[in-house]
Amino acid sequence: MPSMLRLFLEQEGIEGARSLRLVMCGAEKLAAGLLAEFQHKLDADLLHMYGPTETTIAITGWLSSEAEDASHTVPLGRPSDNTQLYVLDADDRLVPPGVAGELCVSGIALARGYLNRPEETERVFVPNPFLPGERMYRTGDLVRYRRDGVLEFLGRRDHQVKVRGFRIELGEIEATLAAHPSVQQTLVTAHQYGDSGTRLAAYVRPTARSEEVPVESRAARAEQVDYWRGVFEKVDETAVPTDVHFDITGWDSSYTWEPISADDMAEWVDTTVGRILEYRPRRVLEIGCGSGLLIWRVAPECDSYVALDFSQATLDQLGQALSEAGLDHVELFRREATQLDGIGEGFDVIVLNSVLQYFPDLEYLDRVLTSACGLLRDGGVFFAGDVRHLGLLDEFRSSVELYRAPVTATVGAFRERVARGVAREEELLVAPRYFTGAVGRIPRVTGVEVMPRRGRKWNEMTAFRYDAALHVGVPGGAQPAVRVDTWLNGAEPGAASARWLTNVLVAAGGEPFGVLDWPYDRLTELQQALNDLERADDEALVGEVVDRGTAVTLGQPAASGTGIDEMERAAAQAGYRLLIDWSRTPDALDLAFLPQCEATDTGLEGTASGQDGADSYPRLVRWPDAPADSPTGPAANDPVAVRSREQRWLVLAGELREFAAGRLPGYMVPSSFV
Ligand SMILES: C[S@@+](CC[C@H](N)C(=O)[O-])C[C@H]1O[C@@H](n2cnc3c(N)ncnc32)[C@H](O)[C@@H]1O
């Protein structure tokens, strides 16, 4: 049988089996590719046999040496001796060669019937209309005679449907599509679309070769940038903002496809602006300024604000609103993020907020960081905000699919949707270690902060994204970093609660201390739900296994009191300032509580990062090293490959449509290719 033949052909040295003359193979569908491999490796003949259990193992046979054309299907061949084969239509009439029909068998090979199943026996063992007194077995297999007189298998007959009044054999369409060189496997189904009738959908698994992504990445990368430019131009050309100071057009939820609520967006803007202003910037450059959500709030605190974006439509709207508001110290440039020459220098802070997910890859991001860090003053900060966390891509997709899953969804279907969503992610997600690794890789960067987003509301930004700040060094001096000697364990039983934190803040008596492995609690419920789903069978229903309402609490504040904002508040009340690092693992945070007093009292090495009125409080902490078993794979996904593959699939779908149209009547051409 073919599965054993495959193993046989995989044996090392099989090419040396020179004395082999004939291999007999049957009982399963024999793929044309396997036959080709057989012929490539061996100098023997292959006898392909076909025979349903109700007859005998070989009522037809076909020798590979007769092959004229076995490029897409291996024929069943010709009838064995003492066997009559008929290819019949629905009215039991013989069909001409080339036309599909059911294969019926008569002759001495027939079984007497099914044991103890008289009705079933009567249904398929029927009188032979061509040989009175003989019986005939209806195989249910759909076949056709080729012009050279051999039979070809097309599929099962129960795959017959009616489309626009025509009776169609789905197997015939499948066999036609299977002849395309880029198709490895195909399945055609009919779907009922309300009043518009039945439509055919072809599901195609392309051959491995056609799935390969072209490696010419420079052009693909440029195309990716163009693609996103087009998306943003289009959104901003058509949008008419109701409030130019708070234009959240295009900020749609991945869960609902609806706009994210104004409350959630307002919190998102406030928390971002809060973080940027902590660096007390006077001169700001923003890369990818969009509708100006940050400009309206940060620029009034600055002496100059330079903003660039690659979308002209975006800048046109914003420019007009800014001049009407008299914000003359804001300068706008139409630029791509990599084009920073001549834009000014000596910036205190450069902002790249919620933009890098549209970059093609880390090489592009490296280029932007390298040029931008060259434009910062000594001690300045590059703020990459709202970065999508690569380590949480699975959780994010699971969370979205959990929210969207209908009550009747099975766990198996849910798993598939998550896997597909992850594989088809079109935006760039970056692991925090990309940023922590910037020290030494990006010139001038001497210290890095990786922080979870602030915000009390639960949404895709607060739960799955982070902010990273790269500090560029003071000339000749080491970057100041606070040394913390006492580290508590946030993962031990009883820790990581609001009460525990209050107690340790009091007990610390104003001395600096840290807490390692404080659980990242925005995902606790989701992760519990995902653990339950992981243990469930494919056939179980998602709604029976988990309570989706608890796992995905869109827009709701975290109730635990251990959220980032609450901890910062508790720290401030106890006279501490909290610095958080989220770079070691996505599941936990490391916290440093530093007394709210002069930098020199805190074990600081070197001087504080402040200069000219900038924040004089140290922000960089000597965090413990990442564990030895930390992930080492790519620090980002590959959205360019995803888009190239999607494009190749679109091209293939077009080709297949044409291919089918050239070989089948119009009503048999599938309306969608998946
Ligand atoms: C989601 S918006 C963020 C806007 C703003 N930074 C904020 O936080 O509100 C992303 C903006 O980045 C711009 N953008 C994306 N990729 C870019 C690139 N490669 N070069 C320049 N601008 C880009 C888009 O045109 C869009 O206006």
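The values are calculated or read from the model by the stated rules, or taken from the named source; none is laboratory data. As the structure is a computational prediction, the values presented were derived from the model and not from experiment. Cβ atoms come from the backbone with ideal geometry, glycine included; neighbour counts cover every protein chain shown. When the accessible area is computed, the model is the full protein with side chains, heavy atoms only, and any ligands, DNA or RNA have been set aside. Shrake-Rupley method; radii C 1.70, N 1.55, O 1.52, S 1.80 Å.
Structure notes:
- Around Leu376: net Lys/Arg minus Asp/Glu count, Cβ-Cβ under 9 Å: -1
- What the phi angles of segment 401-409 give under the Karplus curve with 6.51, -1.76 and 1.60, with θ = phi - 60°, is a coupling list of 5, 5, 5, 7, 4, x, 4, 8, 5 Hz, glycine and proline written as x.
- From its DSSP helices (H runs of at least four residues, each -39,500 (n - 2.57)), the chain gives a residue-normalised ellipticity at 222 nm of -9000 deg cm²/dmol.
- Segment Gln11-Asp316, extension gain: residue separation times 0.36 nm, minus the distance between their alpha carbons: 103.1 nm
- Fully extending the segment from Thr121 to Arg334, taken as 0.36 nm per residue of separation minus the present Cα-Cα distance, adds 68.9 nm.
- 0 to 90° range, to nearest 10: angle between helix 498-507 axis and the chain longest Cα axis: 30
- Subtracting the Cα-Cα distance of Asp81 and Asp243 from their residue separation scaled by 0.36 nm leaves 49.9 nm.
- Long-range HN-HN contacts of Gly514 with modeled amide H, under 5 Å: Thr486, Trp487, Leu488, Phe593
- Largest first, the residues Met24, Met461, Met1 sort by 1.4 Å accessible area into Met24, Met1, Met461.
- Inter-label distance for Asn489 and Met1, nm, one decimal - labels placed 7 Å from Cα along Cα-to-Cβ: 5.4
- Only Cα pairs under 8 Å and 6+ residues apart enter the sum, and on that basis the relative contact order of segment 298-351 stands at 43 percent.
- In this structure, the amide hydrogen of Leu429, modeled 1.01 Å from its nitrogen in the peptide plane, lies closer than 5 angstrom to those of Asn637, counting only residues at least 5 positions away or on a different chain.
- In the context of the full protein assembly, Tyr145 retains an accessible surface of approximately 60 Å², using a probe radius of 1.4 Å and ignoring ligands and nucleic acids.
- Cα gyration tensor, segment 119-169 - rounded (a/c under 1.5), prolate or oblate: oblate
- Between amide H atoms placed 1.01 Å from N, distances below 5 Å from Ala409 occur with Val542, Gly543, all of them 5 or more places distant or on a separate chain.
- Accessible-area value, Lys457, 1.4 Å probe, nucleic acids and ligands omitted, Å²: 50
- Paramagnetic label zone (point 7 Å from Cα along Cα-to-C-beta, Asp89; backbone N under 16 Å) in segment 641-668: 665
- Crossing angle, helix 524-535 versus the chain [Cα axis fit, 0-90 degrees, rounded to tens]: 20
- With each label modelled as a point 7 angstrom along the Cα→C-beta vector, the Ala266-Arg367 pair spans 4.1 nm.
- Three-way shape call for segment 426-570 based on the alpha-carbon gyration tensor, with the a/c threshold at 1.5: oblate
- Accessible area of the chain belonging to carbon and sulfur atoms, whole % at 1.4 Å probe: 51
- Taking other residues whose beta carbon is less than 12 angstrom from the beta carbon of Gly473, and scoring Lys, Arg as +1 and Asp, Glu as -1, yields +1.
- Ranked order, Val448, Val400 - accessible area, probe 1.4 Å, largest first: Val448, Val400
- Solvent-free Debye scattering, log10 I(q)/I(0), computed from the Cα coordinates of the chain at q = 0.07, 0.09, 0.10 Å⁻¹: -0.66, -0.89, -1.00
- Stokes-Einstein D (µm²/s) once Rh is taken as the Kirkwood radius of segment 1-139 over alpha-carbon pairs, at 37 °C in 0.692 mPa s: 195
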